[in-house]
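Engineer: Input: one structure, supplied below.
The values are calculated or read from the model by the stated rules, or taken from the named source; none is laboratory data. Here the structure is a predicted model, which means the values were calculated and not measured. No Cβ is skipped: glycine too gets one built from the backbone with ideal geometry, and neighbour counts run over all protein chains shown.
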Amino acid sequence: MIGRRENVSGAHFAFTDRWGGVSAAPYEELNLGGAVGDDPSAVTTNRELAAKSLGLEPDRVVWMNQVHGADVAVVDGPWGSDSGTGSGTGTGPGSASAGIPSVDAIVTTRRGLALAVLTADCVPVLLADPVAGVVAAAHAGRPGMIAGVVPAAVRAMTQLGAAPDRIVARTGPAVCGRCYEVPEAMRAEVATIEPAAYAETSWGTPSVDVCAGVHAQLERLGVRDREQSPVCTLESRDHFSYRRDRATGRLAGYVWLG
(Lines give C-alpha, C1' and ligand atoms only; values in the text may rest on other atoms or scores of the structure.)
Protein backbone atom coordinates (compact mmCIF):
# COMPACT_ATOMS: atom_id res chain seq x y z
CA MET A 1 0.00 0.00 0.00
CA ILE A 2 2.63 2.56 1.06
CA GLY A 3 5.58 1.96 -1.19
CA ARG A 4 7.83 4.47 0.53
CA ARG A 5 7.62 6.59 3.66
CA GLU A 6 10.11 9.03 5.20
CA ASN A 7 10.25 11.45 8.12
CA VAL A 8 12.71 14.34 7.90
CA SER A 9 12.75 16.53 11.03
CA GLY A 10 9.00 16.28 11.44
CA ALA A 11 8.14 16.58 7.74
CA HIS A 12 6.54 13.39 6.45
CA PHE A 13 6.71 12.08 2.88
CA ALA A 14 4.89 9.03 1.52
CA PHE A 15 4.18 7.44 -1.86
CA THR A 16 1.70 4.65 -2.56
CA ASP A 17 1.89 1.64 -4.82
CA ARG A 18 -1.17 -0.02 -6.38
CA TRP A 19 -1.83 -2.72 -3.79
CA GLY A 20 -3.97 -3.04 -0.66
CA GLY A 21 -7.18 -1.42 -1.88
CA VAL A 22 -10.65 -2.50 -2.97
CA SER A 23 -10.94 -1.32 -6.60
CA ALA A 24 -11.73 -3.87 -9.30
CA ALA A 25 -9.93 -4.24 -12.63
CA PRO A 26 -8.66 -2.26 -14.45
CA TYR A 27 -8.15 -0.03 -11.38
CA GLU A 28 -6.98 -2.72 -9.01
CA GLU A 29 -6.34 -2.28 -6.23
CA LEU A 30 -5.47 0.99 -4.49
CA ASN A 31 -6.76 3.51 -7.01
CA LEU A 32 -6.85 6.93 -5.34
CA GLY A 33 -7.99 8.93 -8.37
CA GLY A 34 -11.59 10.08 -8.42
CA ALA A 35 -11.86 11.03 -12.10
CA VAL A 36 -10.69 7.90 -13.91
CA GLY A 37 -13.95 5.94 -14.12
CA ASP A 38 -13.64 3.88 -10.95
CA ASP A 39 -16.53 3.31 -8.52
CA PRO A 40 -16.57 6.42 -6.28
CA SER A 41 -17.29 4.31 -3.20
CA ALA A 42 -14.18 2.23 -3.88
CA VAL A 43 -12.08 5.38 -4.24
CA THR A 44 -13.45 6.72 -0.96
CA THR A 45 -12.59 3.46 0.78
CA ASN A 46 -9.11 3.43 -0.75
CA ARG A 47 -8.44 6.99 0.39
CA GLU A 48 -9.56 6.08 3.90
CA LEU A 49 -7.32 3.00 3.92
CA ALA A 50 -4.29 4.92 2.68
CA ALA A 51 -4.79 7.80 5.11
CA LYS A 52 -5.25 5.54 8.11
CA SER A 53 -2.16 3.52 7.20
CA LEU A 54 -0.23 6.81 7.46
CA GLY A 55 -1.84 7.81 10.74
CA LEU A 56 -3.87 10.54 9.04
CA GLU A 57 -7.53 11.43 9.25
CA PRO A 58 -9.03 11.02 5.75
CA ASP A 59 -10.87 14.33 6.04
CA ARG A 60 -7.57 16.12 6.75
CA VAL A 61 -6.12 15.32 3.31
CA VAL A 62 -6.29 18.00 0.60
CA TRP A 63 -6.61 16.83 -3.00
CA MET A 64 -6.36 18.78 -6.25
CA ASN A 65 -8.20 18.94 -9.56
CA GLN A 66 -5.03 18.59 -11.62
CA VAL A 67 -4.98 20.10 -15.11
CA HIS A 68 -1.29 20.08 -16.17
CA GLY A 69 -0.86 23.76 -15.41
CA ALA A 70 1.27 25.86 -13.07
CA ASP A 71 -1.29 27.40 -10.72
CA VAL A 72 -0.68 27.11 -6.98
CA ALA A 73 -3.12 27.36 -4.07
CA VAL A 74 -2.24 28.03 -0.43
CA VAL A 75 -4.60 26.03 1.79
CA ASP A 76 -5.48 26.09 5.47
CA GLY A 77 -7.85 23.12 5.40
CA PRO A 78 -9.73 20.76 3.10
CA TRP A 79 -11.74 22.38 0.32
CA GLY A 80 -15.10 23.60 1.54
CA SER A 81 -14.19 23.43 5.23
CA ASP A 82 -14.45 26.50 7.43
CA SER A 83 -10.68 26.87 7.37
CA GLY A 84 -10.20 25.97 3.71
CA THR A 85 -9.69 28.29 0.78
CA GLY A 86 -11.77 26.32 -1.70
CA SER A 87 -14.92 27.80 -3.14
CA GLY A 88 -16.95 24.59 -3.12
CA THR A 89 -18.35 22.26 -0.50
CA GLY A 90 -17.31 18.81 -1.63
CA THR A 91 -14.41 16.82 -0.18
CA GLY A 92 -15.13 13.50 -1.88
CA PRO A 93 -13.21 11.83 -4.71
CA GLY A 94 -14.20 14.09 -7.57
CA SER A 95 -12.75 16.92 -9.60
CA ALA A 96 -13.96 20.46 -10.14
CA SER A 97 -17.59 19.35 -9.80
CA ALA A 98 -16.90 18.51 -6.16
CA GLY A 99 -15.75 22.04 -5.43
CA ILE A 100 -12.04 21.35 -5.86
CA PRO A 101 -10.32 24.09 -7.87
CA SER A 102 -8.06 23.45 -10.82
CA VAL A 103 -4.49 23.74 -9.57
CA ASP A 104 -1.37 21.62 -9.89
CA ALA A 105 0.36 22.59 -6.64
CA ILE A 106 -0.83 23.22 -3.10
CA VAL A 107 1.02 24.71 -0.14
CA THR A 108 0.25 24.85 3.58
CA THR A 109 1.68 25.84 6.93
CA ARG A 110 -0.90 23.87 8.90
CA ARG A 111 0.51 21.00 10.92
CA GLY A 112 -1.37 17.75 10.53
CA LEU A 113 -2.91 18.81 7.23
CA ALA A 114 -1.73 16.45 4.50
CA LEU A 115 -1.34 17.51 0.88
CA ALA A 116 -1.85 14.88 -1.82
CA VAL A 117 -0.87 14.65 -5.48
CA LEU A 118 -2.17 12.03 -7.93
CA THR A 119 -0.06 10.51 -10.70
CA ALA A 120 0.18 7.57 -13.09
CA ASP A 121 3.44 8.46 -14.97
CA CYS A 122 3.77 12.18 -14.17
CA VAL A 123 6.21 13.22 -11.45
CA PRO A 124 4.79 13.67 -7.95
CA VAL A 125 6.84 16.37 -6.22
CA LEU A 126 6.78 16.71 -2.42
CA LEU A 127 8.53 19.67 -0.77
CA ALA A 128 9.03 20.68 2.85
CA ASP A 129 10.92 23.24 4.91
CA PRO A 130 10.61 21.76 8.41
CA VAL A 131 12.21 24.83 10.02
CA ALA A 132 9.74 27.30 8.52
CA GLY A 133 6.89 24.82 8.80
CA VAL A 134 5.87 24.93 5.13
CA VAL A 135 5.07 22.00 2.83
CA ALA A 136 3.94 21.68 -0.78
CA ALA A 137 2.79 19.01 -3.21
CA ALA A 138 3.03 19.47 -6.97
CA HIS A 139 1.94 17.55 -10.06
CA ALA A 140 4.64 17.79 -12.72
CA GLY A 141 3.82 16.15 -16.01
CA ARG A 142 5.58 17.24 -19.16
CA PRO A 143 3.27 20.28 -19.67
CA GLY A 144 3.46 21.30 -16.01
CA MET A 145 7.21 20.90 -15.87
CA ILE A 146 7.78 23.20 -18.83
CA ALA A 147 5.10 25.62 -17.52
CA GLY A 148 7.08 25.92 -14.27
CA VAL A 149 4.76 24.39 -11.70
CA VAL A 150 7.63 23.35 -9.43
CA PRO A 151 9.33 26.79 -9.39
CA ALA A 152 5.88 28.28 -8.75
CA ALA A 153 5.40 25.98 -5.75
CA VAL A 154 8.82 26.90 -4.37
CA ARG A 155 8.06 30.61 -4.79
CA ALA A 156 4.81 30.17 -2.88
CA MET A 157 6.71 28.40 -0.11
CA THR A 158 9.31 31.16 0.14
CA GLN A 159 6.55 33.75 0.44
CA LEU A 160 5.49 31.87 3.57
CA GLY A 161 8.98 31.89 5.07
CA ALA A 162 10.65 28.85 3.51
CA ALA A 163 14.27 29.01 2.35
CA PRO A 164 15.35 27.02 -0.73
CA ASP A 165 18.50 25.74 0.97
CA ARG A 166 16.35 24.25 3.74
CA ILE A 167 13.73 22.69 1.47
CA VAL A 168 13.66 18.90 1.33
CA ALA A 169 12.45 17.60 -2.05
CA ARG A 170 11.28 14.08 -2.82
CA THR A 171 10.01 12.90 -6.22
CA GLY A 172 8.06 9.67 -6.44
CA PRO A 173 7.48 6.91 -8.99
CA ALA A 174 7.17 8.26 -12.55
CA VAL A 175 7.86 7.20 -16.11
CA CYS A 176 11.59 7.41 -16.74
CA GLY A 177 13.45 9.01 -19.62
CA ARG A 178 14.39 5.58 -20.99
CA CYS A 179 10.68 4.83 -21.53
CA TYR A 180 8.91 8.15 -22.21
CA GLU A 181 9.07 8.15 -26.01
CA VAL A 182 7.93 11.33 -27.78
CA PRO A 183 8.20 12.76 -31.31
CA GLU A 184 11.49 14.48 -32.09
CA ALA A 185 9.74 17.85 -32.45
CA MET A 186 8.27 17.53 -28.97
CA ARG A 187 11.64 16.61 -27.45
CA ALA A 188 13.21 19.63 -29.12
CA GLU A 189 10.44 21.92 -27.89
CA VAL A 190 10.80 20.70 -24.31
CA ALA A 191 14.59 20.94 -24.43
CA THR A 192 14.49 24.60 -25.46
CA ILE A 193 12.78 25.30 -22.13
CA GLU A 194 14.46 22.65 -19.97
CA PRO A 195 17.60 21.15 -21.53
CA ALA A 196 17.98 18.61 -18.72
CA ALA A 197 14.79 16.87 -19.90
CA TYR A 198 16.35 15.94 -23.27
CA ALA A 199 16.63 12.14 -23.33
CA GLU A 200 16.68 8.99 -25.43
CA THR A 201 14.77 5.77 -24.92
CA SER A 202 16.55 2.49 -24.23
CA TRP A 203 15.77 1.55 -27.85
CA GLY A 204 17.32 4.73 -29.28
CA THR A 205 14.36 7.02 -30.04
CA PRO A 206 13.60 10.56 -28.78
CA SER A 207 12.26 10.85 -25.26
CA VAL A 208 11.71 13.30 -22.43
CA ASP A 209 12.96 12.83 -18.87
CA VAL A 210 10.49 14.89 -16.84
CA CYS A 211 12.03 13.94 -13.52
CA ALA A 212 15.48 15.09 -14.65
CA GLY A 213 13.90 18.37 -15.69
CA VAL A 214 12.21 18.79 -12.31
CA HIS A 215 15.43 18.12 -10.43
CA ALA A 216 17.34 20.55 -12.64
CA GLN A 217 14.77 23.24 -11.83
CA LEU A 218 15.08 22.52 -8.12
CA GLU A 219 18.88 22.67 -8.36
CA ARG A 220 18.75 26.10 -10.00
CA LEU A 221 16.37 27.30 -7.27
CA GLY A 222 18.89 26.30 -4.61
CA VAL A 223 17.14 23.17 -3.35
CA ARG A 224 19.98 20.82 -2.45
CA ASP A 225 18.31 18.04 -0.43
CA ARG A 226 16.67 16.08 -3.25
CA GLU A 227 15.93 12.41 -3.76
CA GLN A 228 14.35 10.67 -6.74
CA SER A 229 12.43 7.40 -6.66
CA PRO A 230 14.15 4.66 -8.68
CA VAL A 231 10.75 3.30 -9.79
CA CYS A 232 9.66 3.74 -13.42
CA THR A 233 5.89 3.42 -13.45
CA LEU A 234 5.78 2.09 -16.99
CA GLU A 235 8.22 -0.70 -16.12
CA SER A 236 6.74 -1.56 -12.70
CA ARG A 237 3.57 -3.66 -12.48
CA ASP A 238 3.35 -2.60 -8.83
CA HIS A 239 2.45 0.92 -9.98
CA PHE A 240 -0.20 2.47 -12.21
CA SER A 241 0.92 3.68 -15.64
CA TYR A 242 -1.34 5.56 -18.01
CA ARG A 243 1.09 5.16 -20.91
CA ARG A 244 1.17 1.40 -20.41
CA ASP A 245 -2.50 0.65 -19.64
CA ARG A 246 -4.58 3.77 -20.50
CA ALA A 247 -7.55 2.69 -18.34
CA THR A 248 -5.89 2.52 -14.94
CA GLY A 249 -5.80 3.96 -11.44
CA ARG A 250 -3.78 6.71 -9.81
CA LEU A 251 -1.02 6.64 -7.21
CA ALA A 252 -0.69 9.31 -4.55
CA GLY A 253 2.11 11.18 -2.87
CA TYR A 254 1.47 12.72 0.55
CA VAL A 255 3.37 15.38 2.49
CA TRP A 256 2.54 16.82 5.90
CA LEU A 257 4.05 18.35 9.02
CA GLY A 258 3.91 16.23 12.19
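Engineer: Read through the list (1) charged (D, E, K, R); (2) in a loop (DSSP other than H, G, I, E, B); (3) within 17 Å of Leu251 (Cβ to Cβ), then give the number of the only condition that Arg170 fails.
Structural biologist: Every listed condition holds for Arg170 apart from (2).
Engineer: Report every pair of residues separated by at least 6 positions or lying on different chains whose Cβ atoms are under 7 Å apart, first residue within region 129-153 and crowded, with 24+ Cβ neighbours inside 10 Å, second among the polar types (S, T, N, Q).
Structural biologist: Taking only residues 6 or more apart or on different chains, the pairs are Val134/Thr109; Val135/Thr108; His139/Gln66; His139/Thr119; Val150/Gln217.
Engineer: Kindly list, by first and then second residue, each pair from a residue in region 241-258 that is closer than 21 Å to Ile2 by Cβ to a residue that is part of a helix (DSSP H, G or I) and small (Gly, Ala, Ser), limited to pairs with Cβ atoms under 7 Å and residues at least 6 apart or on different chains.
Structural biologist: Ala252/Ala50
Engineer: Right, Ser207: assigned to a strand (DSSP E or B) and under 30 Å from Gly37 (Cβ atoms) or not?
Structural biologist: On the way: assigned to a strand (DSSP E or B): yes; under 30 Å from Gly37 (Cβ atoms): yes.
When the stated conditions are applied, Ser207 passes them.
Engineer: A further question on this structure: Given Arg226, Arg187, which one is touching a residue at least 12 places away in the same chain (Cβ under 8 Å), at negative phi, among the basic types (Lys, Arg) and assigned to a strand (DSSP E or B)? Walk me through it before giving the result.
Structural biologist: Working: Arg187 fails: assigned to a strand (DSSP E or B).
Of Arg226, Arg187, the one residue that is touching a residue at least 12 places away in the same chain (Cβ under 8 Å), at negative phi, among the basic types (Lys, Arg) and assigned to a strand (DSSP E or B) is Arg226.
Engineer: While we're on this one: Counting only residues that are more than 12 Å from the chain's Cα centre (by Cα) and modelled with pLDDT of 95 or more, give me the strands (runs of 3 or more DSSP E) lying completely in region 39-125 with at least 3 of them.
Structural biologist: Numbers: elements: 72-74, 105-108, 114-119.
Where strands (runs of 3 or more DSSP E) fall fully within region 39-125 and carry at least 3 residues being more than 12 Å from the chain's Cα centre (by Cα) and modelled with pLDDT of 95 or more, they are 72-74.
Engineer: Checking the conditions here, which among Arg187, Arg243 is crowded, with 18+ Cβ neighbours inside 10 Å, more than 19 Å from Ala50 (Cβ to Cβ) and touching a Phe, Trp or Tyr at 6+ places or on another chain (Cβ under 8 Å)?
Structural biologist: Values: Arg243 fails: crowded, with 18+ Cβ neighbours inside 10 Å.
Residue meeting the stated conditions: Arg187.
Engineer: Do we have Ala199 as in contact with a helix residue (DSSP H, G or I) (Cβ under 9 Å, 6 or more places away or on another chain) and closer than 14 Å to Phe13 by Cα here? Outline the logic, then answer.
Structural biologist: Numbers: in contact with a helix residue (DSSP H, G or I) (Cβ under 9 Å, 6 or more places away or on another chain): yes; closer than 14 Å to Phe13 by Cα: no.
Judged against the criteria, Ala199 is not a match.
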